[in-house]
Amino acid sequence: MAPIMQGSQQWVEKYRPKQVKDVAHQEEVVRVLTNTLDTGSCPHMLFYGPPGTGKTTTALAIAHQLFGPEHYKSRVLELNASDDRGINVVRTKIKNFAAVAVGARRKNEVYPCPSFKIIVLDEADSMTEDAQACLLCFSFLTFLVSKCSVFKPRAIAVQNALRRTMETYSKVTRFFFICNYVSRIIEPLASRCAKFRFKPLSEEIMNSRILYICKEEGLCLDAQALSTLSSISHGDLRRAITYLQSAARLFGSSISPENLVSVSGVVPEKVVEAVLQACRSGNFDIANKEVNNFIAEGYPASQMLIQLLEAIVEENDISDEQKARISKKLGEADKCLVDGADEYLQLLDVVSNTMQAFSNMPEGFAYES
Amino acid sequence: MLWVDKHRPKVLDHVMVHTEIAHNLKKLVKEEDCPHLLFYGPSGSGKKTLIMALLRQMFGPSAEKVKVENRTWKVDAGSRSLDLELTTLSSANHIEISPSDAGFQDRYVVQEVIKEMAKNRPIDTKGKKVFKVLVLNDVDKLSREAQHSLRRTMEKYSAYCRLILCCNSSSRVTEAIRSRCLNVRINAPTEEQIVEVLELIGKKEGLQLPPGFAARIAEKSNRNLRRAILSFETCRVQQYPFTSKQEISPMDWEEYISEIASDIMKEQSPKRLFQVRGKLYDLLINCIPPEIILKRLLRELLRKLDAELKHEVCHWAAYYEHRMRLGQKSIFHIEAFVAKFMSIYKSFLIATFG
């Protein structure tokens, strides 16, 4: 008997706020966008901030509220990082979308439905610079062409033709760029948008949202589990909801802090403490054994590095200099792991270095020639 | 048939080591709300066993009727078309592939297979919608691009197929994929658990085990269950009835590496380095993965070294292993490590004994 498909929806989608005013903790953006809803005019927007703070939610909500379900498909183009987004896609897809003219607003329309289209570019910072530059041409070409004033006489006709089409594009399209790091967006793009920073969510707001979901789904979550959830998700509401759903699927409706830790892939406090203790002991063999154990338990080493860093920063017994020395090594090891280096060797190196820092052994190696 | 396969638990109820995980998986299947799954853990911990048992739980005995196929896909990659060949293992309800075998073209494989599965969507006798399962091995070896394209595909086709991903280290799987899956960590079995399993196998095979024999095998196995069972079987072939003093022979490549280790401890000279090179080549030719060689070598050296040298040596091992990943010819880097070790050890000897 094969299993039957169920409409098992991701909670992240299910509980996404549908209206701009429901977006929590981002008053500034909400104010500007409500204004947009009233007037029907809107600049290009650039949303940036850490993951899980509501950037995509806000962009999608405003698009839905502006156009309603009927026009949404024809007026809004959503592109995110997993779609292929080389320069070609930007050229063809966006151009084709932008080229179709928008109809006039119908009389009996319920939604504001202003006469422009929206292109939402999620995770814009992972686009190549070329693609960003190309995008720039499309959205703002009026400006660019007027700047390039020195044309050969023959080319002028072509340029003008181009310019006219481009002008029509830029009149009818609005871009919403969404990214984590505003510094990765090329300057000319960024300077043409209204920029909004999304703040990380505070613990109270996250908790109230989580509790609401728990109530809707009939889950039982005690205060301790709630605080664990907010500490392992680091202000990222999406991650918190994903963990919650995974735990609910795997362990049923009453969820303990341990359940949450086990689905999140976070290394338990106890294990981190054991490794640190081994570092303090100053005995290499003990540390080696601890690292071997750690790898056999199957915990991810990259996660361990993050948690070691947290533990080291909060450590009271060691000097700032020692902390800096350890952190430097953690950074190097992380880079190596990203390159695909072996987890055991990197972790052993980190632990050995931490041990040296703890016992204030001189930096560098004695016998290196 | 090897004991490893013969005594592999076929259903979730028979799983001995990860009983709690098996129980939870069973619950998932029963509630018919199965998300994408990501299994991670060290090798020989039982990831594959759990996955196969899970498939059986989902689809019944038909999941075990697998056929091995060598398939070619025609893929349109922009301007040119590619022919990709890959070995698949499939039953009526699932397909298993190791997409990383396709090298840098892995992303096309992933997309093609999933799309194809979505196209020929199976319908059962009652006309209900049914999903297929795609098992992907070694997802940690997938390229970044493939992982990125996987993430979109996972969402788009989640109504038609479920993915079960399997890997050794979840550090190398991008956050985006991890957050879309239910992560299941499979830890290596403890030595006690290995002993338990070995004793059960011994009973099934009708063997007499001297006391402490299973424990010794478990100790040597490095918490790798597959290895423990393999060496158990080797012992059986070598000598039966077992004696309590029976030698549990290590793998020959391990012995070879410890020989290399004592070679370089004894003499540090270009001539010795040259001899070691030959031995390293022997190992590589016999398909021992270079990082395993380096790790084993480090382990052997650490056993023999003075405490004050250990930090230094383990640092350089990590350093050269990282370089080996970035580079292409692993022999250079292993040899560089050996040379580095020789130079460190020599200057240590000079500083200590003059």
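The values are calculated or read from the model by the stated rules, or taken from the named source; none is laboratory data. The structure displayed is predicted, hence computed values, not measured ones. Neighbour counts are summed over all protein chains in view; Cβ atoms, including those assigned to glycine, are modelled from backbone coordinates with ideal geometry.
Which residue, of B:A176, B:A146, is buried (at least 21 other Cβ atoms within 10 Å of the Cβ) and either part of a helix (DSSP H, G or I) or in contact (Cβ under 8 Å) with a residue 40 or more places away in the chain (or both)?
Answer to the check: B:A146.
Output the residues belonging to segment B:1-19 that are in a loop (DSSP other than H, G, I, E, B) and closer than 21 Å to B:E191 by Cα.
Hits for segment B:1-19 are B:H7, B:R8, B:P9, B:V15, B:M16, B:V17, B:H18.
Can you go through B:Q275, B:Q328 and tell me which one is within 24 Å of A:K335 (Cβ to Cβ), polar (S, T, N, Q) and either more than 8 Å from chain A (Cβ to nearest Cβ) or buried (at least 18 other Cβ atoms within 10 Å of the Cβ) (or both)?
The match here is B:Q328.
Criterion first (more than 30 Å from B:I344 (Cα to Cα) and of a type in the set (D, E)) does B:E219 satisfy it?
For B:E219, the condition - more than 30 Å from B:I344 (Cα to Cα) and of a type in the set (D, E) - is met.
For segment A:237-278, give me each residue that is within 13 Å of chain B (Cβ to nearest Cβ), closer than 23 Å to A:Y15 by Cβ and surrounded by fewer than 19 Cβ atoms within 10 Å (Cβ to Cβ).
Listed by number, the residues that qualify are A:R249, A:F251, A:G252, A:S253.
Picking from B:C314, B:C287, which residue would you name as being closer than 22 Å to B:P42 by Cα and part of a loop (DSSP other than H, G, I, E, B)?
Exactly one residue qualifies, and that residue is B:C287.
Could you list all residues from segment B:144-177 that are under 22 Å from the mean Cα position of the chain (by Cα) and facing chain A (nearest Cβ under 7 Å)?
Answer for segment B:144-177, where residues must be under 22 Å from the mean Cα position of the chain (by Cα) and facing chain A (nearest Cβ under 7 Å): B:S169, B:S170, B:S171, B:R172.
Can you find a residue that is within 17 Å of the chain's Cα centre (by Cα), assigned to a strand (DSSP E or B), of a type in the set (S, T, Y) and farther than 16 Å from B:V133 by Cα anywhere in segment B:39-46?
yes
Please verify whether segment A:258-272 includes one or more residues that are under 25 Å from the mean Cα position of the chain (by Cα) and on the phi > 0 side of the Ramachandran plot.
Looking for residues that are under 25 Å from the mean Cα position of the chain (by Cα) and on the phi > 0 side of the Ramachandran plot, one finds at least one in segment A:258-272, hence yes.
Looking at segment A:316-339, which of the residues that are loosely packed, with under 15 Cβ neighbours inside 10 Å and modelled with pLDDT under 90 is farthest from the other protein chains (Cβ to nearest Cβ)?
A:N316
Need pairs with beta-carbon distance below 9 Å; first residue at the interface with another protein chain (Cβ under 7 Å from one of its Cβ atoms) and in a loop (DSSP other than H, G, I, E, B) and within segment A:354-369, second of a type in the set (V, I, T) and surrounded by 12 or more Cβ atoms within 10 Å (Cβ to Cβ); sequence gap 6+ or separate chains.
Pairs that qualify, where the first residue is at the interface with another protein chain (Cβ under 7 Å from one of its Cβ atoms) and in a loop (DSSP other than H, G, I, E, B) and the partner is of a type in the set (V, I, T) and surrounded by 12 or more Cβ atoms within 10 Å (Cβ to Cβ), are A:F365/B:I344; A:Y367/B:I344; A:E368/B:I344; A:S369/B:I344.
Taking segment B:215-263 as the search range and keeping residues that are assigned to a loop (DSSP other than H, G, I, E, B) and among the aliphatic types (A, V, I, L, M), which one is farthest from B:E196 (Cα to Cα)?
Applying the filter and picking the extreme gives B:M251.
Being at the interface with another protein chain (Cβ under 9 Å from one of its Cβ atoms), under 26 Å from the mean Cα position of the chain (by Cα) and within 26 Å of B:A188 (Cβ to Cβ) is the requirement here; does A:Q303 meet it?
Yes, satisfied.
Does B:K245 qualify as being among the basic types (K, R) and at pLDDT 90 or above?
no
For segment A:182-209, name all the residues that are in a loop (DSSP other than H, G, I, E, B) and closer than 13 Å to A:P43 by Cβ.
Listed by number, the residues that qualify are A:S191, A:R192, A:C193.
Somewhere in segment B:224-231, is a residue free of Cβ contacts under 8 Å to residues at least 12 places away in the same chain, out of contact with any Asp or Glu (no Cβ under 8 Å at 6 or more places or on another chain) and not assigned by TED's automatic domain parsing to the domain that holds B:L280?
No - not one qualifying residue is present in segment B:224-231.
Determine, yes or no, whether B:C181 is more than 30 Å from B:M1 (Cα to Cα), within 12 Å of chain A (Cβ to nearest Cβ) and in contact with a helix residue (DSSP H, G or I) (Cβ under 6 Å, 6 or more places away or on another chain).
no
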